[in-house]
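Okay, so here's the structure we're looking at.
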Amino acid sequence: MTSGDTEPSSAADESVITRRVGAVAVVTLNRERRRNGVTIEMCEQLHLRLSEIASSDAKVVVIRGSGNDFSVGADLTEDSAARGPSTLERLGHTYHASTLLHSMPQVTIAAIDGACAGAAMGWACACDFRFASTRARFKTAFLDVGVSGDMGLAWSLIRIVGGARARELLLFPEKISAEAAHDLDLVTRLFAPESLHDRVMGLAEELAARHSFPLRMMKANLISAETADMPSYVDIESARHLHTATGPSLVAGIESFRRRSTPSP
């Protein structure tokens, strides 16, 4: 995947399609007829596409759904028996799509319209940002269908909303509105449905206009801060800070600051 605006990289009948808009990689869950219901093929394709993007020069990733939903979660109408056993050996790597969304060097954004449930909610919560439309609805859903949960959702929820709220959402899997999700900080910005994707792309392009190296190092700081103690983190942060301070981004940043600070004649 290279820079520049490109056409979608996958055939229209694939479960996940990708396209580049400058330095932004747009990943679309592409089963509109089934409200982007998650299948084994979608999990496999998403992991593959994200792996490709992670090693590319993209700066930002936007993941969204086709049509009016992010995803309703697992497509329970799929005949999984005909597709072979669902074993950890066969499918274990696909669950790490969430790991990629969380830890890949690019900033990741979930643009959430309509339903966001189950595995797809795990993908959204693994992202750096969740921006939603006012008609978005969230539901963990796992207990409703008799499973314990996947795609790292419990791990992410505890860090986003705290342990007590995470337990509430997972053990009492009721549907929550966009406004309630915003109040919980599950999403940080709400937009009108008709403007959601344009507004998200605007924010993605704003991030993509930043110098790549400090942007990646700041994301790395956030990941390190989740696990390191304070003294260890400060050592890591300081090394990255001094490294970026020797690069061209600092010179450009100072010059830009001076231009903004200079009064107009």
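The values are calculated or read from the model by the stated rules, or taken from the named source; none is laboratory data. Model, not experiment: these values are computed from the prediction. Note that each Cβ is placed from the backbone with ideal geometry, even for glycine, and that neighbours are counted across all protein chains shown. These area figures cover heavy atoms from the full protein model, side chains too; ligands, DNA and RNA do not enter into them. Shrake-Rupley method; radii C 1.70, N 1.55, O 1.52, S 1.80 Å.
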*Just wondering, is there one or more residues in segment 51-71 that are at pLDDT below 95 and not acidic (D, E)?*
no
*Could you list all residues from segment 134-143 that are under 25 Å from H93 (Cα atoms) and surrounded by fewer than 19 Cβ atoms within 10 Å (Cβ to Cβ)?*
K139, L143
_With the requirement that a residue be in a helix (DSSP H, G or I) and touching a Phe, Trp or Tyr at 6+ places or on another chain (Cβ under 8 Å), what does segment 181-200 give you?_
A181, L196, R199, V200
_Per-region count, segment 141-150, residues out of contact with any helix residue (DSSP H, G or I) (no Cβ under 7 Å at 6 or more places or on another chain) and either under 30 Å from R199 (Cα atoms) or basic (K, R) (or both)_ = 0
*Please specify each residue of segment 40-52 satisfying the condition of being touching a Ser or Thr at 6+ places or on another chain (Cβ under 7 Å) and open to solvent by less than 10 Å² (accessible area, probe 1.4 Å).*
M42
*Which of the residues belonging to segment 201-212 are open to solvent by 50 Å² or more (accessible area, probe 1.4 Å) and within 20 Å of the chain's Cα centre (by Cα)?*
E205, E206, A209, R210
_Looking at segment 135-150 only, could you name the residues that are touching a residue at least 40 places away in the same chain (Cβ under 8 Å) and not basic (K, R)?_
A136, F138, A141, V145, D150
*Subset tally (residues that are open to solvent by 90 Å² or more (accessible area, probe 1.4 Å) and over 18 Å from D69 (Cβ atoms)) for segment 156-178*: 7
*Residue identified as in contact with a helix residue (DSSP H, G or I) (Cβ under 6 Å, 6 or more places away or on another chain), surrounded by fewer than 21 Cβ atoms within 10 Å (Cβ to Cβ) and either touching a residue at least 40 places away in the same chain (Cβ under 8 Å) or under 20 Å from G37 (Cα atoms) (or both) among L100, L153, L184*: L100
_Failed criterion for R159 (all others in (1) within 28 Å of C116 (Cα to Cα); (2) among the basic types (K, R); (3) not in a helix (DSSP H, G or I) hold)_ = (3)
_Restricting to segment 124-140, name every residue that is out of contact with any helix residue (DSSP H, G or I) (no Cβ under 6 Å at 6 or more places or on another chain), not in a strand (DSSP E or B) and not charged (D, E, K, R)._
A124
*Filter result (in contact (Cβ under 8 Å) with a residue 40 or more places away in the chain and of a type outside the set (S, T, N, Q)) within segment 156-174*: R159
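Residue-wise test of (1) modelled with pLDDT of 95 or more; (2) over 8 Å from the mean Cα position of the chain (by Cα).
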{"residue": "T94", "(1), (2)": "no, yes"}
{"residue": "L101", "(1), (2)": "yes, no"}
{"residue": "Q106", "(1), (2)": "yes, yes"}
{"residue": "A115", "(1), (2)": "yes, yes"}
{"residue": "A119", "(1), (2)": "yes, yes"}
{"residue": "G122", "(1), (2)": "yes, yes"}
{"residue": "C127", "(1), (2)": "yes, no"}
{"residue": "S133", "(1), (2)": "yes, yes"}
{"residue": "F142", "(1), (2)": "yes, yes"}
